1. Need one number: % antiparallel among DSSP beta bridges in the chain, to the nearest 5.
2. How large is the dipole of the chain about the Cα centre if only Lys and Arg carry +1 and Asp and Glu carry -1, each at its Cβ, rounded to the nearest 20 debye?
3. What whole-number distance in Å separates the alpha-carbon centres of region 302-337 and region 497-526?
4. Along region 409-426, what does the Karplus equation 6.51 cos²θ - 1.76 cosθ + 1.60 (θ = phi - 60°) give for ³J(HN,Hα), rounded to whole Hz, x for Gly and Pro?
5. What would the Debye equation give as log₁₀ I(q)/I(0) for region 342-498 at q = 0.19, 0.20, 0.21 Å⁻¹, counting only Cα atoms as equal point scatterers?
6. Report, in cubic angstrom per residue, the convex hull volume of the C-alpha atoms of the chain.
7. Which value in deg cm²/dmol, rounded to the nearest 500, describes the helix-derived mean residue ellipticity at 222 nm for the chain, given -39,500 (n - 2.57) per DSSP H run of n ≥ 4 and division by the residue count?
8. Averaged over all directions, how much area does the convex hull of the C-alpha atoms of region 405-484 cover when projected, in nm²?
Amino acid sequence: MLTPADSGTEQAPVIWSAYQQEHPVLSGGRRIPGWTQTNINGREAWVAKLPDGDGAAFRELWLDGKRLQRARWPKQGTLAVANLSDGEKHDDWMKGVTEFRYSGEDVKAWPTAADAEAIVTCRWVESHLPITSIDEQNKVIHFAKKSVFVLDPGDRYWIENLKECLTEAGEFCVDPREKAVYLIPPERVNPNQAWIIAPRLAQVLRMMGDPAGGKFVEHVTFRGIGFANTEWYFDHAFIGQQAAAGVADSEWSFKPDPKRSGFSQAARGVPGAVWGIGVRSCLFENCEISNTGTYGIELSQGCQNNRISRCRLTDLGAGGLKIGEVAVRDNPNEQTSGNEISDCIIADGGNLYPSCVAVWIGQSPDNIIAHNDIHGFWYTGISIGWTWGYAKAAAQRNLVEYNHVHHIGKKSDADQPILSDMAGIYTLGNHEGTVIRFNTFHDVAGLKYGGWGIYFDEGTTHILAENNLVYRTTHGGFHQHYGKENTVRNNIFAFGRDFQVQRSRLEEHRSFTFERNLVLWEKNSLFGGDWSKLNVAFDRNTYWRMEQGDIRFGSMNWEQWQEAGMDKNGKIADPHFADPAKGDFKLTSQSEASLAGFKPFDLSTAGPR
């Protein structure tokens, strides 16, 4: 823990640095010793007693820095919820349930099922549901907790910590009654000769200022340091927890809540392995945050003008970074603003909490997210804002530029999505002065709906998205649920599977201006959503459908669309990209005659420098 007494000055910062070519790691874990050989499910395995003390009932295990798989069913992929069987009316989708029915032979009444938990995904969240019993006759699973939302047919689930499913190399299982951990290690690995680490702490570094009292941790640099091996769970009580001014009673409080099974969005209550309040003008450079069961870095209340640069955040239990909080603060000292996340690799997240966000910005203005490579998350890449509708909001004048955001909603080309309602970048609330530019978003996939590239949700207002490349999305390159007077210009939107452009809610004011964009697709619809009234401004856009067929603008054809005042200077023409099927959207010598107003921009600059 660092306090204001550990601060430096602008002229003489305190620097914590790796020595020469060493790679020091601050670990929140403990090594598991004393492995003995045994047999389980007909396989040679090893067993060790759980360590005493807090954090013994862990959900993660690492062998020489590699995450091991908690024994699960099914081995690959997920299963589908069949329906609910409790006989109750579920008119309110926000109220969870304590059971669901499964299909066929998907599940068995395993003897150790009461030691396991189901992870069930619904809409944009997941629920962690300890199993109480499995009724094979009626095909119903009963749980000790309620799900976050009511479950629907087709929602995905899997079951973890099933001793009967411990059968493959690289799997482990915790037996709470024996107070032991079982492991089938990779071939030719002796656990007593390897570094097998279980998490013990939820955080490894806490920077504790007092912004309400005007006291800050300032001018501290971390360079070349690793932070690893953390885990947080809903019933977790932090070791050595100290209250911070303005935090103990906030939504981000660290009080344990054993009844909770998840969060309503973005796994928002999961803390960072590195956590700060009242942190100013500090730097994390060339650091590595990995092997976590939490978010990587969280700069909460009153954190200003900090920089996270050239860091690598991988193998994350939740997301990469959280900046700000959910509350709008009036005291300038308590506001979080002016932070920079640049040239980082933020990858392979959501391993414990799939609904996390790679980079989350709450009620926080004037931040920069630039030149990062963000990929391998089950939910959204970048999320900014925490105000639903047109109420007071503070996430303004944020700059998001030159980021490469890809494989969101599915971690790789081989994976299938498990959540819905996500995007490469997601916004809500008043964003006066926020700019999203020169980013590349691709391979975004939603399960039932909502795999979008750029997604303006819940009252997004006065935001600009320009000079972005968006391609290979399941539900569209651009979507605005509802919002006010936004501008979308000079972007490339290509290969949305279902739609290319979507607007969901009609409002009396202008929803957005859409101009000078290139829109390319193969089949299906150009527009999704409600276009019965326009209240939008479209002009100088170029549209091209590669598969021959009529292009419809909602219910209108091209002539009717123009007669309605839209795209008076637009074109339906082939933009002649170099090789769009392979992700090459450079313009060629044939392109200029086709463009209605698009101005070329450099597509090669997204990602770390």
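Taken together, the values in this text are just the output of simple stated rules run on the coordinates, not laboratory data. The structure presented is a predicted model; accordingly, all values stated were derived computationally and were not measured. Positions of Cβ are backbone-derived with ideal geometry, glycine not excepted, and every protein chain shown enters the neighbour counts.
1. 30 percent
2. The dipole of the chain has a size of about 280 debye.
3. Computed from Cα coordinates, the inter-centre distance equals 32 Å.
4. So the J values, rounded to whole Hz, are x, 9, 6, 8, 4, 7, 7, 10, x, 10, 10, 10, 6, 9, 7, x, 9, 10.
5. -1.12, -1.25, -1.38
6. 170 Å³
7. It lands at 0 deg cm²/dmol.
8. Taking the Cα atoms of region 405-484, their convex hull projects to 4.7 nm² on average.
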